[in-house]
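Novice: Have a look at this one.
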Amino acid sequence: MELIVAVYDDWGIGKDGTQPIALSADRKFFRETTRGCMVIVGRRTIADFPGQKPLPGRVNVALTRTAQEIPGFTVCTSPAEAVELAKTTDRAMVIGGGSIYKQMLPVCDTAYVTKVHCTPESDTYFPNLDADENWYLSETIRSGEENGIRYDICLYKKKGTA
Ligand SMILES: NC(=O)c1ccc[n+]([C@@H]2O[C@H](COP(=O)([O-])OP(=O)(O)OC[C@H]3O[C@@H](n4cnc5c(N)ncnc54)[C@H](OP(=O)(O)O)[C@@H]3O)[C@@H](O)[C@H]2O)c1
């Protein structure tokens, strides 16, 4: 299982249900990386999708304990159920938000992390992989600057995995 996330310098990822600063270079990388994949997403993050619609060109899996149905999404009521479903596809990616990342990090072995070098106020955080002895920075895929904000698109791997 893989995940993809954009983090600020304090590993903040969002505030008030949205990303306070989002770079188009990161959005593009997200689109390229998740295209054709199964994407696994928490119900609150869906509320921030354009029109609350599923992402086109992907199999959209929603995690919720409350909603019976979400149009365009396959509903799972636990991370374990999503993990089982992921076995039916070639590539599954966890795409947030905060609570889903935290619960599913243990079943992931690959993390695409865009480090957006600024620190807007956040109320939702991703675990700091630089301080996690189970993970290591494998590669910096791409670096750049947009609107005066530097970014690094990084690949982290779980130790003991190829
Ligand atoms: N920077 C990034 O890359 C990035 C990516 C994605 C999201 N975000 C940000 O993350 C924030 C949202 O994160 P969040 O933690 O508030 O919400 P979230 O993780 O997107 O969704 C939480 C919801 O998921 C469902 N859920 C959680 N655990 C579950 C479980 N064990 N079984 C079944 N369903 C479960 C529940 O839905 P019900 O309430 O329906 O039961 C819960 O309310 C936003 O600010 C968003 O912008 C950032």
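The values are calculated or read from the model by the stated rules, or taken from the named source; none is laboratory data. On a predicted model such as this, the values are computed, not experimentally measured, just so you know. Note that we place each Cβ from the backbone using ideal geometry, even for glycine, and neighbour counts take in every protein chain shown.
Novice: Any idea how many residues of the range 16-42 are assigned to a strand (DSSP E or B), within 11 Å of the ligand (Cβ to nearest atom) and over 15 Å from Ser99 (Cβ atoms)?
Specialist: 2
Novice: Next question, about the same structure. Please specify each residue of the range 75-126 satisfying the condition of being farther than 16 Å from Gly42 by Cα and of a type in the set (Lys, Arg).
Specialist: Correct list: Lys87, Arg91, Lys115.
Novice: Has the range 115-128 got any residue that is farther than 17 Å from Ala6 by Cβ and either out of contact with any strand residue (DSSP E or B) (no Cβ under 6 Å at 6 or more places or on another chain) or assigned to a loop (DSSP other than H, G, I, E, B) (or both)?
Specialist: No, the range 115-128 contains no residue that is farther than 17 Å from Ala6 by Cβ and either out of contact with any strand residue (DSSP E or B) (no Cβ under 6 Å at 6 or more places or on another chain) or assigned to a loop (DSSP other than H, G, I, E, B) (or both).
Novice: Name the one entry in Thr34, Thr88 that is more than 19 Å from Pro127 (Cβ to Cβ) and under 12 Å from the mean Cα position of the chain (by Cα).
Specialist: Of the residues listed, the single one that is more than 19 Å from Pro127 (Cβ to Cβ) and under 12 Å from the mean Cα position of the chain (by Cα) is Thr34.
Novice: Something else about it: Take Ala25 and decide whether it is surrounded by 12 or more Cβ atoms within 10 Å (Cβ to Cβ), closer than 26 Å to Ile141 by Cβ and of a type in the set (Gly, Ala, Ser).
Specialist: Considered against the rule, which asks whether it is surrounded by 12 or more Cβ atoms within 10 Å (Cβ to Cβ), closer than 26 Å to Ile141 by Cβ and of a type in the set (Gly, Ala, Ser), Ala25 comes out as yes.
Novice: If you don't mind, there's one more thing I want to ask. Filter the range 99-112 for residues that are surrounded by fewer than 22 Cβ atoms within 10 Å (Cβ to Cβ) and under 21 Å from Lys28 (Cα atoms); which is farthest from the ligand (Cβ to nearest atom)?
Specialist: Thr110
Novice: Only one of these is under 22 Å from Pro120 (Cβ atoms) and either aromatic (Phe, Trp, Tyr) or in contact (Cβ under 8 Å) with a residue 24 or more places away in the chain (or both): Val59, Val5. Name it.
Specialist: Val5
Novice: Looking at the range 8-21 only, could you name the residues that are touching a residue at least 60 places away in the same chain (Cβ under 8 Å) and not aromatic (Phe, Trp, Tyr)?
Specialist: Asp9, Asp10, Gly12, Ile13, Gly14, Lys15, Asp16, Pro20, Ile21
Novice: Does the range 133-153 contain at least one residue that is free of Cβ contacts under 8 Å to residues at least 40 places away in the same chain and touching a Ser or Thr at 6+ places or on another chain (Cβ under 8 Å)?
Specialist: Looking through the range 133-153, at least one residue is free of Cβ contacts under 8 Å to residues at least 40 places away in the same chain and touching a Ser or Thr at 6+ places or on another chain (Cβ under 8 Å).
Novice: Tell me the residue from Thr66, Thr33, Thr45 that is crowded, with 20+ Cβ neighbours inside 10 Å and either basic (Lys, Arg) or in contact (Cβ under 8 Å) with a residue 12 or more places away in the chain (or both), please.
Specialist: Sole residue among the options that is crowded, with 20+ Cβ neighbours inside 10 Å and either basic (Lys, Arg) or in contact (Cβ under 8 Å) with a residue 12 or more places away in the chain (or both): Thr45.
Novice: So, one more: Hey, could you check the range 55-70 for residues that are within 12 Å of the ligand (Cβ to nearest atom) and touching a Lys or Arg at 6+ places or on another chain (Cβ under 8 Å) and say which is modelled with the lowest pLDDT?
Specialist: Checking each candidate, the answer is Ala67.
Novice: Which pairs do you get when a residue that is on the phi > 0 side of the Ramachandran plot, found in the range 87-109, comes within reach of a residue that is within 14 Å of the ligand (Cβ to nearest atom) and polar (S, T, N, Q), reach meaning Cβ atoms under 9 angstrom, with the pair 6+ apart or on two chains?
Specialist: Gly96/Thr45; Gly96/Thr124
Novice: Check the range 71-93 and report whether any residue there is at pLDDT 95 or above, among the basic types (Lys, Arg) and not in a strand (DSSP E or B).
Specialist: For the range 71-93, residues at pLDDT 95 or above, among the basic types (Lys, Arg) and not in a strand (DSSP E or B): present.
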